[in-house]
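S.K.: Sharing a structure, written as structure tokens. Questions coming.
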Amino acid sequence: MDGDNSRGTLIMQWADELARHSESPDWLTRTYLTNAHHGAAATLTAWMQEAGMIVRRDAAGNVIGRYEGLTPDAPALLTGSHFDTVRNAGKYDGNLGILLPIACIRDWHRQGKRFPFAIEVIGFAEEEGVRFKATLLGSRAIAGTFDNTVLDKRDDQGKTMREVMREAGFDPAGLPQAAHKPENVLAFMEVHIEQGPVLLDENLPVGVVTAISGASRFLVTATGLAGHAGTVPMGLRRDAAMTAAEIGLYIEKRCSGIPGLVGTVGQFDVPNGAANVVPGKAVFTIDVRAETDNVRLAAVRDVLAEMQNIAARRKVALDINPTHEAKSVPCAPWLQEQLGKAIGSFGLPVRHLPSGAGHDAMAIASITDVAMLFVRCGNGGISHHPDETMTAEDAQIAANVFSRFVEHFAAKR
Ligand SMILES: [Zn+2]
């Protein structure tokens with residue numbers, strides 16, 4: 001089975017087929033509980049059943065395929081990822097992590113192979129947060145951490161999540177029952193495309209995720225004094241945009257050269273700016289992420305301190321609003337070790353790397369130990385974009401690694 005590309009080819013075919021369930025005929029968009037979303041759920045259900053799984057939907061709309069172990073009701077090794085997408089998405093983000101385990105289980109089912117544990121493949125109904133501006137809905141339901149206040153959030157048509165769920169036949173009152181009991185779960189392992197260029201750059205098909213990076217985000221308004229670009233001498237200016245620019249350059253410098261640390265100014269506006277006006281106002285965002293919280297918090301402290309220095313020197317006022325704060329979620333060392341052994345058994349180097357993006361594993365970490373297998377992206381590592389790509393060869397390697405991981409899986413005592 002390891003010599004051919006049959007599973008890799010099947011996974012790629014399935015990804016193409018699943019991508020036809022889209023809200024748009026021209027590109028892939030599949031948001032929570034739309035017709036496209038229902039279509040994808042039905043297709044996943046059929047493939048899971050054909051692979052020997054018993055399939056159910058929970059109150060959040062998650063698609064859960066269970067491949068029983070040697071004894072009924074054995075605790076389960078959980079795997080899976082999300083089948084919702086961003087707007088104008090790629091085919092593999094999320095979907096790969098559902099399709100790949102189905103392809104592996106399909107083979108075990110044909111061979112009549114069962115394990116001392118059950119395997120549950122979860123198609124998480126919602127991760128990206130596009131329709132209701134709330135993320136990780138599916139995995140939070142499974143983890144028992146679903147925040148009921150999001151049920152009142154509205155989509156662009158003005159419908160609340162509660163209404164949309166009821167119309168689709170899912171009862172929000174049943175959400176507590178969607179939670180998995182920790183004692184019935186052995187671990188969670190998510191396969192996902194890297195969504196970045198590291199594996200591609202190092203010519204490696206797969207990698208072991210060490211942690212899902214924590215993040216700190218801020219929205220900053222700099223207020224100086226607008227003036228005539230011709231008449232205000234350089235030394236008398238209170239330029240809000242150049243203050244923001246100097247801060248941005250400091251962030252870039254502070255976050256460079258430290259492994260696992262990244263800092264970004266992704267939005268940078270000069271409201272009502274004009275070519276002949278010294279900017280009186282600038283609005284910008286800061287996003288700092290790191291594999292470990294200590295490294296992130298130290299960088300944030302330095303950035304906030306230097307911002308005050310820069311603003312004071314330039315006589316510009318800063319209004320700094322924290323908009324997001326998430327701790328790093330480490331992947332369990334015992335699972336990383338077993339995953340590394342599976343990779344090494346194919347003669348491949350074991351590359352460890354953090355995940356700068358958030359994933360369902362973050363939510364599941366509150367009920368069980370988690371691990372993630374990253375698979376190389378093509379096209380420079382682009383994701384959340386139709387150019388997102390990967391190869392059948394890499395899908396095959398990842399499936400082989402996943403299979404070996406499961407076949408040698410030893411639960412923590
Ligand atoms: Zn994803």
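S.K.: Per-residue counts of other Cβ atoms within 10 Å, averaged by peptide: what ranking do you get for 17-30, 223-236, highest first? Please list the in-between numbers first.
M.R.: Details: 17-30: 16.9, 223-236: 12.5.
Top of the packing list down: 17-30, 223-236.
S.K.: Hey, any idea what % of the chain's accessible area is carbon plus sulfur with a 1.4 Å probe? Mind dumping the intermediate values first?
M.R.: Values: 9250 of 17830 Å².
Looking at the chain in its full context, I get 52 percent from C and S.
S.K.: Ok, one more. If each Cα of the chain is one equal point scatterer, what is log10 of I(q)/I(0) from the Debye formula at q = 0.10, 0.12 Å⁻¹?
M.R.: Treating every Cα as an identical point scatterer, log10 I(q)/I(0) equals -0.72, -0.97.
S.K.: Oh, and also: Can you give the local net charge around L339? Use residues other than it whose beta-carbon is closer than 15 angstrom to its beta-carbon, Lys and Arg +1, Asp and Glu -1.
M.R.: Values: positive: K341, R351, R404, K412; negative: E190, E194, E337, D369, E407.
Every neighbour counted, the sum reads -1.
S.K.: Still on this structure, please answer the following. With label points built 7 Å along Cα→Cβ from the Cα atoms of D302 and S24, find their separation and express it in nm.
M.R.: Between D302 and S24, the label points sit 4.0 nm apart.
S.K.: Give me the accessible area per residue for the chain, probe 1.4 Å, as a whole number in Å². If you can, show how the numbers build up before the last one.
M.R.: Values: 17830 Å² over 413 residues.
Solvent-accessible surface per residue comes out at 43 Å².
S.K.: Sticking with this one: Considering the zone a paramagnetic label at N294 would reach in this model (a point 7 Å from Cα along the Cα-to-Cβ line), which residues of the range 305-330 have amide N under 20 Å from it?
M.R.: Zone members listed by number: 326-330.
S.K.: What is the distance in Å between the Cα centroid of the range 72-126 and that of the range 334-413?
M.R.: Between the Cα centre of the range 72-126 and that of the range 334-413, the gap is 13 Å.
S.K.: Would you calculate, for the chain, the mean residue ellipticity at 222 nm contributed by helices, counting each DSSP H stretch of 4 or more residues as -39,500 (n - 2.57) and dividing by all residues, to the nearest 500?
M.R.: Per the formula, -10000 deg cm²/dmol.
S.K.: How do the peptides 198-210, 104-116 rank, highest first, by the average count of neighbouring beta carbon atoms within 10 Å per residue? Let's see the in-between values first.
M.R.: Working: 198-210: 19.2, 104-116: 15.8.
Highest-to-lowest ranking by the protection proxy: 198-210, 104-116.
The values are calculated or read from the model by the stated rules, or taken from the named source; none is laboratory data. A quick note: this is a predicted structure, and the numbers were derived from the prediction, not measured. FYI the Cβ positions are ideal-geometry reconstructions off the backbone, even for glycines, and counts take in every protein chain you see. Remember, those area values only see protein heavy atoms, side chains included, never the ligands or the DNA or RNA. Shrake-Rupley method; radii C 1.70, N 1.55, O 1.52, S 1.80 Å.
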